[in-house]
Amino acid sequence: MGTQLFRYSEDNKEKFLESDNITFNDGSVVTPEEIWHYLTVEGPEKYPGSFEVNLYQGNRASRDETLPTSLKTHYLGLTFSDRMEKAKDRGKSIAFIQGGQAVDPYTAADTIALRPGLVNQWYGGLEHGNDINKANLRRRKSKEKAFHDMSFEACQTGGYEHVQEGDLRIDVIAPYTVLRCSDVSYGVEAHRHGPKKDVKLFNVDYPLRYQADKPWAIEYFAQNLRRLVGTLDEVTGRVTTEEDVTKAIQLHNEGRRLGTELAELWWSADVPPTNSADRASLVALGNLEVHGDVQASLSVLKEAKKFIAERVRNGVKGHAVIDNPKRIFILGSCVGINGSRSEDAGAIVVGRDDQWSHCTSLVEEEGDPYYNLAKTTLEYPYEQSIEKRAHWTIEQIRKSRADGVIFIHNWGCNTQAAVARPIVDIIKRETGIPTYIHELELGGLQHEQEQNRVNAFIEML
Amino acid sequence: MSLSENFFAGVDVGSLAAKAVILKDGEIFATGLLKSGVNSVESGLSALNLALDAAGLKKEDLTYIVGTGYGRVSAPYANKAVTEITCHAKGANYLHPTVRTIIDMGGQDCKAIRIDENGAVVDFAMNDKCAAGTGRFLEVMAEVFKVKLEDLGAIALSATDTVPMSSTCTVFAESETISLIARGEKPENILNGIHHSIANRIAGLFSRVGITSDVFFSGGVAKNSGMKSAIEQALKVTIVRPEIDPQLIGALGAAVLARSFAKKEGLWAA
C-alpha cells in the first residue's frame, strides 16, 4: 500500500509569504520563503511521517493552510532536532528537565531546557526518511529498552535512555523533582545509579506539595533555584546575575501573558477559530519552551495572536471543525486525544490543564527574582491539593465553555492515576458536566481501544 | 412484501462475532450471527447477508444501515458508524424501556453503562486494555478445562467452594489455573472462582458509574448462567436477560439508531 503524502497547496503560498519572519535566540532569522521551501521540499523528504495522510492524522489531506502560524509551528517542530544539533555544535548547553515547570532560570543561565517529550522529539528527528510507523517503532524501541534498563515501567523513560546511551548531547539533568509526576523522579534516581556518570545531575528539590503558604518552603525552593543556576553556570562557564534572572522572568511573563490572552481570545469566539491541534500548538507557545527556542516561540506567538484575533472578529471557523462541536476539556499530564479523529466524531478540544497551569502563573518582576520564582512555582494550580486543583480546573472548564471533561493518565503515571478520580468527582459534583477517566499508553499509534472510548463519550455528550 | 415498507439494519462487528439485525417497521424482522474473521469488512457483510437471506431481502431494500463494534471504522456498507456503547444502550432500551443499567460483556471488553428513559447514555466505564474479565478470557478457560464454552457457567454453578484467583490477567490466569488443577483443586471450584473474579472486576466498574434498576445483561457472556449468578451476587441485584440472543443487542441498537437517523435525514417518515 503506497503512502500518500500531504503537500501544502500553492494556493496559500502568497498569503503565507506575506507573514512575519521567525527570529531565533541566536539572532538568526528565517523568512517565510525559507519556511515554505522547507515545508514543501526538504521537510517531506526528511520527515515523510509528518506529512503522511493516514488515520492517525485524521486521514486529512490538508492542515489549516490558511493559518500561517499553523505552518510555522509545524516548521519549528520539524526542524527541532536539527536546531538542537546545531545549538550543540555552537557550544550551547542543554538541560533535561521535568514537564509542567517554567524554564525562566534556565533561560537566564543561557541553557536550553528540554522536558521529556522534547528529548524524545530530538532523538526521533535524528533519523530521516521514516514513515509514521517506522518513526513510532523507533520511539517504542527506546521506551521498551528503558523499561528493562530501569527495571520498571513508567510513562516517560526516553530521556533516561538517551542520556545513558549517549544518543543525545545533554549536558545536565536538572528537573524540579517531585513536581506533578513520579516518573521523572524515578528516572533521575535511575540516572544516579546508571553506568553513565559524566552527565551532571542536579535535583531542584521541590518541597512536597501544598506548601505555597509557608515562607520556609518558598525560601527553601528559592535556595534550590539559586543552586540550580549555579550548576548551570558550572556547565556553561558563565556567571548568571540576578538581573539576568529578572530579565528572563520578564521575557517569560510576556510569553505567559500572550499565551493566556490567545487562549481567552479563542474561548471568546462563537465558533472555534482553529481545530484542536492548532489551538493546542499555539497556546503551548506561551511557555516559550516548547520548541527549544524562547525567541522563536515568542515571535510565532505574537503573530498567532494577531491571526486568531482576526479570525474571531470575522467569525472564521477552524479547518475541519464541524458546526456546533461538543467542547471537551482534557485533564492530566503528558496526554491528549487524537484531535482530528475526535473532531470527525463531532467534538473539539477546548483546553488542557497540563502546561496551562504554569502558563497562567505570572511571576512578580520586582524584588528577589529567585524568591519570586519559587513563590509562583509553589503556587502552580496544578500542584495544589486535589480540592484546590479541582476548583481551579472548574474555572478553566467554565471559561472554555466545555461540555465534557476527560481525565487521561498514561500507563505508569502513578501520580495522575491516583488523583484522577477525586478530581473528576469534584468537577462532576460542582458542574454537573459529564466526565470520563481514561488510560492511555504513551506514544502508541494503535489507539483503537482508546478512541472507541472517546467516541462513546462524545456520543454521550 | 411491499416495497414501500422500510427496513433498517444494524451491523455489529466485534472481536469474536459479527452480528446483524434488520428491523421492519420497528420490529425485529431478521438476524444474522457468525464468528468474525480477520477481515472486518467481510465479517460484517457476511452477517448482514445472513440476515438479508433470512429476511428474503437484498441490500438495496435497506433504507439505512448503522455499523458498530470495532469493525465500524471499516464498514463501507454502512451509512453511519456509532460506538457499541451507544448501540447497546439503544438496544436494551428497545427491549426493556425500564432498564437503566447495562452490563455488556463482549469478546474483548466489558462495559458498565447507565442510561436514561430514552436509552441515551448517562455514564459509562470500560475495562482497561487487558482482556481479563471478557469473553476471550472465558474462552481461554474453556480451552484449559477442555469443556465447551457454553457449559462453563453450569459447571461453575455446581461448585461446592470458590477458589480465589490471585491474577486476572488472561495469560497469567491460565498458568495459575493449571497450577491450581495440579494442586488438586476441583475444576468446578476453580471455575467458580474465575467467575467470581470476573464479577468483582465488573463490580469495580460500577463503583464509577453507579447502579440503578433495572439491570440488563448483554453481550456473548450474558449467555453464561454462572456469570449472571456471580454478577448478581457481586452487585446485589437481579439481572434482566434479553429475550433474544444477548449477542445481538449492539446490532439491534444500531438498527434502532438507523431508523432514527433515516427519519432525521428525511429518508423515511413514520
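We did not get these values from a lab; they are worked out from the coordinates using the rules stated. What you are looking at is a predicted structure, and each value in this text was computed from that prediction instead of being measured. Cβ: placed from backbone, ideal geometry, glycine included. Neighbour counts: every protein chain shown.
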Identify the GluC sites (Glu not before Pro) of the stretch A:340-433 meeting these criteria: DSSP loop state and at most 12 other C-beta atoms within 10 Å of the C-beta. A:Glu365, A:Glu366
Of A:Lys141/B:Lys35; A:Lys197/A:Lys375; B:Lys19/B:Lys58, which sit over 25 Å apart, Cα to Cα? A:Lys141/B:Lys35; A:Lys197/A:Lys375
Compute the long axis of helix B:40-55 from its Cα atoms, compare it with the longest principal axis of the Cα atoms of chain B, and write down the angle in degrees, 0 to 90, nearest 10. 70 degrees
As a quick test, which of the pairs A:Lys317/A:Lys428; B:Lys24/B:Lys90; A:Lys399/A:Lys428 have an alpha carbon distance above 19 angstrom in this structure? A:Lys317/A:Lys428
Roughly how many whole Å is it from the C-alpha centroid of the stretch A:126-141 to that of the stretch A:349-407? 34 Å
Below 27 Å Cα-Cα, how many Lys pairs turn up in the stretch B:97-241? Only count pairs eight or more apart in sequence, or on different chains, if you could. 21
Kirkwood hydrodynamic radius of the stretch B:97-241, from inverse mean 1/r over distinct Cα pairs, in Å: 15.2 Å
I'd like the distance between the alpha-carbon centres of the stretch A:301-344 and the stretch B:131-157, rounded to an integer number of Å. 47 Å
Please enumerate, by chain and number, the aspartates and glutamates with C-alpha under 19 Å from the C-alpha of A:Lys326, excluding those fewer than 8 residues away in the same chain. A:Glu264, A:Asp270, A:Asp278, A:Glu343, A:Asp344, A:Asp353, A:Glu395, A:Asp403, A:Glu450, A:Glu459, B:Asp123
Would you kindly state how much longer the chain becomes between A:Glu242 and A:Lys388 on full extension, computed as 0.36 nm times their sequence separation minus their alpha carbon distance, in nm to one decimal? 49.3 nm
Other protein chain Cβ atoms within 10 Å, averaged over every residue that makes up A:225-235: 0
With a cut-off of at most 16 other beta carbons within 10 Å, and DSSP calling the residue loop, which chymotrypsin sites (Phe, Trp or Tyr not before Pro) in the stretch A:196-240 qualify? Please list them. A:Tyr210
Quickly rank A:270-280, A:307-317 as a protection proxy: mean count of other C-beta atoms within 10 Å, highest first. A:270-280, A:307-317
Restricting the stretch A:35-124 to trypsin sites (Lys or Arg not before Pro) in coil, as DSSP defines it, with at most 11 other Cβ within 10 Å: A:Arg90
Average other protein chain Cβ within 10 Å of Cβ, residues B:71-84: 2
Checking rank on B:243-255, B:138-150, with mean other Cβ inside 10 Å and highest first, the result is B:243-255, B:138-150
Using only helices, what value at 222 nm comes out for chain A when you add -39,500 (n - 2.57) per DSSP H run of length 4 or more and divide by the total residues, to the nearest 500 deg cm²/dmol? -15500 deg cm²/dmol
Just to confirm my numbers, what's the Cα centroid distance between the stretch B:25-86 and the stretch B:212-270 in Å? 17 Å
A:Glu45 to B:Glu42: FRET efficiency via 1/(1 + (r/R0)^6), r the Cβ-Cβ distance, R0 30 Å, to the nearest 0.05? 0.20
Segment A:Val271-A:Thr31, extension gain: residue separation times 0.36 nm, minus the distance between their alpha carbons: 83.3 nm
Report the relative contact order of chain B, percent, no decimals, based on alpha-carbon pairs under 8 angstrom and at least 6 residues apart. 24 percent
So what are the three principal axis dimensions of the stretch A:271-411 from its Cα atoms, in whole Å, longest to shortest? 49, 35, 28
Describe numerically, in nm with one decimal, the distance between label points set 7 Å from Cα along Cα→Cβ at A:Glu127 and at A:Glu310. 4.0 nm
Rounded to the nearest 0.05, what FRET efficiency do A:Glu219 and B:Ser175 give with R0 = 60 Å and r taken as the Cβ-Cβ distance? Could you check? 0.60
Once amide hydrogens are built 1.01 Å from N within the peptide plane, the residues lying 5 or more places from A:Leu442 or on another chain with amide H under 5 Å from its amide H are A:Trp411
Suppose R0 equals 30 Å; then what is the FRET efficiency for A:Asn54 and A:Ile322 from their Cβ-Cβ distance, rounded to the nearest 0.05? 0.90
Decide, for chain A, between rounded, prolate and oblate: order the square roots of the alpha carbon gyration tensor eigenvalues as a ≥ b ≥ c, take rounded if a/c falls under 1.5, and otherwise choose prolate if a/b is larger than b/c, else oblate. rounded
Shielding by partners, peptide A:451-458 (average Cβ within 10 angstrom, other chains): 6
